[in-house]
Amino acid sequence: MRRIDRYLGAVFAGATFTVFSAFAVTPSQAATVSISCGAVGQELELCRTGAEAWAKDTGNEVVIVSTPNSSTERLALYQQILSAGGSDIDVYQIDVIWPGILGSHFIDLAPYTDGAQDAHFPAIVENNTIDGELKAMPWFTDAGVLYYRKDLLEKHGMAPPTTWSDMADAGAKIQKAERDEGNDRMYGYVFQGRAYEGLTCNALEWVDSYGGGEIIDANGEITINNPQAIAALDEAGSWMNEIVPEGVLNYAEEEARGVFQSGNAVFMRNWPYAWALANSADSPVKDKVGVVALPKGGADGKSTGTLGGWQLAVAKYSDNQDAAADLVRYLTSEKEQKRRAIEASYNPTIKALYEDEEVLAANPFFGSLYDTFVNAVARPSRPTGDKYNRVSSAFWNASHAVLSGKQSATDALADLENQLKSVKRRGW
Amino acid sequence: MAQGDVASTGVKRPPVPAGQAGAGRPPKAAATRRSGGSELTRAKIRSAVLFLLPMMIVLALVAGWPLGRTIYFAFTNATLNDINNYEFIGFDNFYNSEWGGLLKDPQWWNAVWNTIWFATISVTLETVLGLIVALALNMRFPGRGIVRAAVLIPWAIPTIVSAQMWGWMLHDQFGVINAMLLGIGIISQPIAWTANPDTAMLAVVMVDVWKTTPFMALLILAGLQMLPSDCYESARVDGIAPWKVFFRVTLPLVYPAIAVAVIFRALDALRIFDLIYVLTSNSADTMSMSVYARQQLVDFQDVGYGSAASTALFLIIALLTVVYIIAGKVDLSGEKS
């Protein structure tokens with residue numbers, strides 16, 4: 001009996017101590033803010049270091065929530081949390097096409113930013129403004145660019161291509177020459193061909209480079225079924241199994257980078273983040289890579305790139321809105337964007353940083369491709385509103401069908417037009 | 001096969017509370033053996049109901065409620081953005097003259113066709129292979145226990161994990177499958193298993209067969225171990241050829257076990273999701289009904305339309321199962337001997 005009493009006493013004392021210490025330790029102001037970060041390339045690491053620096057400055061705590069690489073899946077995850085009113089994540093990293101879809105779940109950041117958004121690219125700020133409320137702060141911008149192997153082009157006496165057909169020719173020649181020399185795995189070109197949002201970005205670039213419009217124009221009219229768009233998709237289809245490995249039909253960003261960075265592709269379409277990684281210390285292609293704007297669609301075409309990029313937003317359901325908004329302010333500040341640009345080639349959204357010497361020294365192509373970043377072609381997320389995902393999915397499926405040889409571009413785009421008409425009848 | 005179904009012997013059934021009619025099999029069967037309506041019988045039924053009640057409540061909460069909600073949402077235009085504001089739109093999600101609806105969506109029918117194709121091929125292969133494996137495991141040989149346990153490993157790995165693992169193994173650039181095939185000279189170019197529309201479905205079927213054959217083997221093995229040994233002894237005495245013994249004795253006797261195993265697998269295969277989603281994402285070449293429903297519901301935020309697809313999926317699976325049970329004369333209750 002005695003012993004039991006003693007045990008009970010110890011347990012009771014322990015419990016009391018725990019309860020009291022819990023009250024005692026809880027600080028009065030510090031908050032724990034959770035932020036969702038992507039994990040493509042060095043994203044997660046950068047996000048962690050940035051958020052932890054803020055936490056140290058302010059005495060708060062941060063929790064990093066890593067989310068799926070595929071933006072399609074990330075959106076699905078966000079929607080499940082947000083539509084349930086969940087407070088699991090305070091700060092959301094959202095894609096440039098999502099403010100329209102998710103905006104209703106986010107707070108207006110304008111009261112917290114002290115006008116800081118005026119230093120950012122106005123087009124992105126406008127994109128993030130819904131009904132006069134600043135739903136998200138621009139964090140980094142993106143546009144598709146063409147990576148090429150400087151050493152291989154020099155070796156075979158070629159200049160970086162300016163049209164898609166130049167690129168295909170150069171890719172085919174170098175692929176053949178390199179394979180003859182014993183590198184069986186060499187391919188001409190890799191891009192993002194999986195049936196997901198990334199293919200929409202790639203295919204929109206082909207179509208736009210031929211002057212084939214933006215799938216749906218600003219007034220919501222369906223414009224995709226036109227001869228230029230057909231020519232663009234036909235040309236992309238002709239690369240398959242010639243200079244492009246068939247596996248591209250299931251590649252997202254990181255798979256494409258894997259092939260290119262292992263030294264097995266001459267050209268790659270990707271976002272700017274791949275620059276810092278391709279030139280990192282352990283990269284087999286370090287210092288052998290160049291970046292130019294994406295090729296034109298024929299001699300009369302134009303160089304273009306799909307506007308990408310990510311924003312930071314604070315959920316209405318967050319328990320720590322003030323701290324969360326302050327974290328957003330910190331992460332989108334000039335200092336933090338500069339660090340991200342130098343360390344990992346994330347394009348700043350602050351105009352002034354494109355004239356910063358340290359940024360340009362780390363990323364020489366930021367200067368030469370400035371126009372591409374500023375004039376990138378936007379996906380039709382504004383005119384289509386919450387139907388955008390349907391539109392994008394129909395478009396990537398049509399593109400995928402052309403790439404895999406299941407349909408001709410003419411048939412695929414005619415089908416696509418009908419499908420989009422049917423989506424439009426439900427209103428966008 | 002004797003038709004000694006106790007429930008149909010003509011004895012008057014005791015009153016069963018509404019809603020419990022289907023669930024009270026064992027007590028009901030026990031009750032009908034005695035003279036109906038005695039005090040003892042009623043007490044037994046009361047305690048049976050009492051014991052079943054917690055399970056029924058849990059089932060209603062975790063299975064009935066979501067199913068009911070899904071069917072309810074199928075007749076609304078609810079979206080994920082604002083799930084509390086919606087209107088009833090009748091059968092518009094299924095069929096309407098304005099934008100078509102589910103029944104006029106070629107993508108949906110493509111998904112239905114993919115699912116049925118996948119289920120037929122994979123379940124057939126798994127049954128045949130499972131039977132072979134079960135017959136082998138039913139033999140006496142040294143180390144049988146270890147082999148039986150080892151065979152189960154693919155089934156024990158979570159689908160998501162094995163799907164991702166196979167995704168890497170099937171990768172066109174650094175996958176081990178291509179390396180092996182290239183090494184022995186069967187192919188000259190790496191095959192993009194999950195990307196090529198001609199091989200994507202085959203890849204999915206292959207992984208599913210790898211994963212689920214052990215499950216079939218286990219169920220069939222259980223059936224094999226129940227078989228009476230006297231048939232085999234007389235067959236041996238009469239000197240019947242082994243293949244004849246298999247087709248005339250083993251197969252007919254083990255058929256009920258196979259039929260039930262096939263139902264389990266078919267139900268599973270018809271709602272295939274994780275394997276296809278991990279291997280090939282939302283690609284139309286391999287999209288199953290579940291992948292379609294998820295895409296509508298989550299990616300397109302269309303809770304109403306996605307629920308309509310889920311409801312249709314539910315109805316199609318129910319219909320196919322009923323057809324199979326009737327056509328295959330499957331005995332699910334196990335009351336026929």
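A:Gly385 satisfies every condition listed in (1) within 14 Å of chain B (Cβ to nearest Cβ); (2) touching a Gly at 6+ places or on another chain (Cβ under 6 Å); (3) buried (at least 20 other Cβ atoms within 10 Å of the Cβ) except (3).
Scan the stretch A:319-342 for residues that are of a type in the set (S, T, N, Q) and either touching a Cys at 6+ places or on another chain (Cβ under 9 Å) or open to solvent by less than 10 Å² (accessible area, probe 1.4 Å) (or both) and jot them down.
Of everything in the stretch A:319-342, those that are of a type in the set (S, T, N, Q) and either touching a Cys at 6+ places or on another chain (Cβ under 9 Å) or open to solvent by less than 10 Å² (accessible area, probe 1.4 Å) (or both) turn out to be A:Thr332, A:Gln337.
Scoring A:Lys286 on the criteria (1) surrounded by fewer than 19 Cβ atoms within 10 Å (Cβ to Cβ); (2) not in a loop (DSSP other than H, G, I, E, B) leaves a single failure, condition (2).
Tell me, please, whether a residue that is closer than 20 Å to A:Thr72 by Cα, among the polar types (S, T, N, Q) and within 14 Å of chain B (Cβ to nearest Cβ) can be found in the stretch A:221-241. No. The set of residues in the stretch A:337-357 that are closer than 17 Å to A:Asp142 by Cβ and either in contact (Cβ under 8 Å) with a residue 24 or more places away in the chain or part of a loop (DSSP other than H, G, I, E, B) (or both) comprises A:Gln337, A:Arg340, A:Ala341, A:Glu343, A:Ala344, A:Ser345, A:Tyr346, A:Asn347, A:Pro348, A:Thr349, A:Ile350, A:Lys351.
Condition check ((1) within 16 Å of A:Thr304 (Cα to Cα); (2) surrounded by fewer than 24 Cβ atoms within 10 Å (Cβ to Cβ); (3) among the polar types (S, T, N, Q)) across all residues:
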| position | (1), (2), (3) |
| --- | --- |
| A:Phe191 | yes, no, no |
| A:Arg194 | no, no, no |
| A:Glu197 | no, no, no |
| A:Leu204 | yes, no, no |
| A:Ser209 | yes, no, yes |
| A:Glu214 | yes, yes, no |
| A:Asp217 | no, yes, no |
| A:Ile222 | no, yes, no |
| A:Ala229 | yes, no, no |
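Given the structure, is A:Ala414 touching a residue at least 24 places away in the same chain (Cβ under 8 Å) and more than 14 Å from chain B (Cβ to nearest Cβ)? Spelling it out, it is not the case that A:Ala414 is touching a residue at least 24 places away in the same chain (Cβ under 8 Å) and more than 14 Å from chain B (Cβ to nearest Cβ). Within the stretch B:292-319, the residues that satisfy the criterion of being hydrophobic (A, V, I, L, M, F, W, C), more than 11 Å from chain A (Cβ to nearest Cβ) and in contact (Cβ under 8 Å) with a residue 60 or more places away in the chain are B:Ala308, B:Ala309, B:Ala312, B:Phe314, B:Ile316.
Under the condition of being touching a helix residue (DSSP H, G or I) at 6+ places or on another chain (Cβ under 7 Å) and open to solvent by 20 Å² or more (accessible area, probe 1.4 Å), which residue from the stretch A:390-404 is farthest from A:Trp239 (Cα to Cα)? Among those residues, the one meeting the criterion is A:Arg390. Restricting attention to the stretch A:259-272, the residues that are in contact with a strand residue (DSSP E or B) (Cβ under 9 Å, 6 or more places away or on another chain), more than 17 Å from A:Asn241 (Cβ to Cβ) and either at the interface with chain B (Cβ under 10 Å from one of its Cβ atoms) or open to solvent by less than 10 Å² (accessible area, probe 1.4 Å) (or both) total 5. Among the conditions (1) without any contact (Cβ under 8 Å) to a residue 12 or more places away in the chain; (2) open to solvent by 50 Å² or more (accessible area, probe 1.4 Å), the only one that B:Gly64 does not satisfy is (2).
I need a count of the residues in the stretch B:75-110 that are of a type in the set (Gly, Ala, Ser) and either farther than 27 Å from A:Leu75 by Cα or at pLDDT 95 or above (or both). Spell out the reasoning first.
Going through the stretch B:75-110, the residues of a type in the set (Gly, Ala, Ser) turn out to be B:78, B:90, B:97, B:100-101.
This time we only want the ones that are either farther than 27 Å from A:Leu75 by Cα or at pLDDT 95 or above (or both), so: B:90, B:97.
The qualifying residues number 2.
Taking the listed residues B:Leu218, B:Leu270, the one that is touching a Leu at 6+ places or on another chain (Cβ under 9 Å) and open to solvent by less than 30 Å² (accessible area, probe 1.4 Å) is B:Leu270, with no other qualifying. Within the stretch A:172-186, being open to solvent by 60 Å² or more (accessible area, probe 1.4 Å) and more than 18 Å from B:Ile187 (Cα to Cα) holds for A:Lys173, A:Lys176, A:Asp180, A:Glu181.
Condition check ((1) open to solvent by 50 Å² or more (accessible area, probe 1.4 Å); (2) among the polar types (S, T, N, Q); (3) at pLDDT 90 or above) across all residues:
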| residue | (1), (2), (3) |
| --- | --- |
| B:Val254 | no, no, yes |
| B:Tyr292 | no, no, yes |
| B:Gln295 | no, yes, yes |
| B:Asp299 | no, no, no |
| B:Gly306 | no, no, yes |
| B:Leu315 | yes, no, yes |
| B:Ala318 | no, no, yes |
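In the condition set (1) within 14 Å of chain A (Cβ to nearest Cβ); (2) open to solvent by 70 Å² or more (accessible area, probe 1.4 Å), B:Phe91 is compliant with all but (1).
Quick one: which residue in A:Leu75, A:Leu82 is within 14 Å of chain B (Cβ to nearest Cβ), at pLDDT 85 or above and in contact with a Lys or Arg (Cβ under 9 Å, 6 or more places away or on another chain)?
Details: A:Leu75 fails: in contact with a Lys or Arg (Cβ under 9 Å, 6 or more places away or on another chain).
Result of the check over A:Leu75, A:Leu82: A:Leu82.
The values are calculated or read from the model by the stated rules, or taken from the named source; none is laboratory data. Computed from a predicted model, the values in this text were never measured in an experiment. In this analysis, Cβ positions are derived from the backbone assuming ideal geometry, glycine residues included, and neighbour counts consider all displayed protein chains. Only protein heavy atoms, including side chains, enter the accessible area calculation; ligands, DNA and RNA are left aside. Shrake-Rupley method; radii C 1.70, N 1.55, O 1.52, S 1.80 Å.
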